[in-house]
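Here's the structure, in structure tokens; my notes come after.
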Amino acid sequence: MPTRTTTHTAEVAAFAAALDDFRRASSRARGRLASEGDLTLSQYHLLEPLLDAEAPLGVGELACAAGVSAPTATRMLAGLERDDLVERRGCTRDRRVVRVVLTDEGAGRMERKRSRMEARHLALYRSLEPGEPAQAARLLERLAAAIEDLR
């Protein structure tokens, strides 16, 4: 009986070590992706819906898409507006509503960031053996769901 417990403990430790290595590598890669003057990943995720939007979007919509609170999105947008990357506009029908659009500079920086991220995703995909990308996608989805369920 002790053999099973020891094996199980070793497997959990190996899994935890691999997960920690992955997390650290991801964090370092995020740092390398954010060159000086570049958008942070948080800023990118907040503004990403604007890249394909046909009309200005509300702060609440952007916050929801980025998985942040509306006050957090508002603070982030204030800095992005100071940097002339977005423009906030009031709604003519409801003064409480604020709509956001990318400026030309903001759209350009977002497109460049998107291109760099897509190139990195492709490089990661190509680093895997045939069949592994589908396996990795399934495992990553399951791990993301499990992490969301942690209390």
Checklist outcome for this item: The answer for Val98, listing residues at least 5 apart or on another chain whose modeled amide H is closer than 5 Å to its amide H, is Val59
Checklist outcome for this item: Note to self: with every protein chain in place and a 1.4 Å probe, the chain gives an accessible area per residue in Å² of 73 Å²
Checklist entry - From the phi of every residue in region 90-95, what ³J(HN,Hα) in whole Hz does the Karplus formula 6.51 cos²θ - 1.76 cosθ + 1.60 yield, where θ is phi - 60° and glycine or proline is x? => result x, 8, 5, 8, 9, 5
Checklist entry - How about region 7-93: which trypsin sites (Lys or Arg not before Pro) there are in a DSSP loop, with at most 16 other Cβ atoms within 10 Å of their Cβ? => result Arg93
Next on the checklist: How much length would be gained if the chain were fully extended between Arg151 and Thr7, taking 0.36 nm per residue of separation minus their Cα-Cα distance, in nm to one decimal?
Outcome noted: 49.2 nm
Item to check | Hz values of 3J(HN,Hα) by residue in region 60-75 - Karplus curve (6.51, -1.76, 1.60), Gly and Pro given as x | outcome: x, 4, 5, 4, 4, 5, 8, x, 10, 6, 4, x, 5, 4, 4, 5
Item to check | Cα-centred dipole magnitude for the chain, charges only on beta-carbon of K, R (+1) and D, E (-1), debye, nearest 20 | outcome: 300 debye
Checklist entry - So how long is each side of the chain along the principal axes, counting just the alpha-carbon atoms, biggest first, in Å? => result 71, 34, 27
Next on the checklist: What translational diffusion coefficient, to the nearest whole µm²/s, does region 19-108 have by Stokes-Einstein, given a Kirkwood radius computed over alpha-carbon pairs, a temperature of 25 °C and 0.890 mPa s viscosity?
Outcome noted: 175 µm²/s
Item to check | Net charge contributed by nearby residues that have their C-beta within less than 13 Å of Arg126 (K/R +1, D/E -1) | outcome: -2
Checklist outcome for this item: For region 98-115, in residue order, the Karplus 3J(HN,Hα) values (coefficients 6.51, -1.76, 1.60; θ = phi - 60°; whole Hz; Gly and Pro = x) are 10, 9, 10, 10, 7, 7, 4, 4, x, 5, x, 5, 5, 5, 5, 5, 4, 4
Next on the checklist: For Cα pairs less than 8 Å apart in space and 6+ apart in sequence, what is the mean separation divided by the residue count of region 30-151, i.e. the relative contact order in percent?
Outcome noted: 22 percent
Checklist entry - If Lys and Arg each add +1 and Asp and Glu each add -1, what is the summed charge of the other residues whose beta carbon sits under 14 Å from the beta carbon of Ala144? => result 0
Checklist outcome for this item: A 1.4 Å probe over the protein heavy atoms gives the chain a carbon and sulfur accessible-area percentage of 55 percent
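The values are calculated or read from the model by the stated rules, or taken from the named source; none is laboratory data. These numbers come from a predicted model, not from an experiment. Because the Cβ atoms are built from the backbone with ideal geometry, glycine has one as well, and the counts that use them run over all protein chains shown. Areas reflect the complete protein model, heavy atoms only, side chains present, ligands, DNA and RNA absent. Shrake-Rupley method; radii C 1.70, N 1.55, O 1.52, S 1.80 Å.
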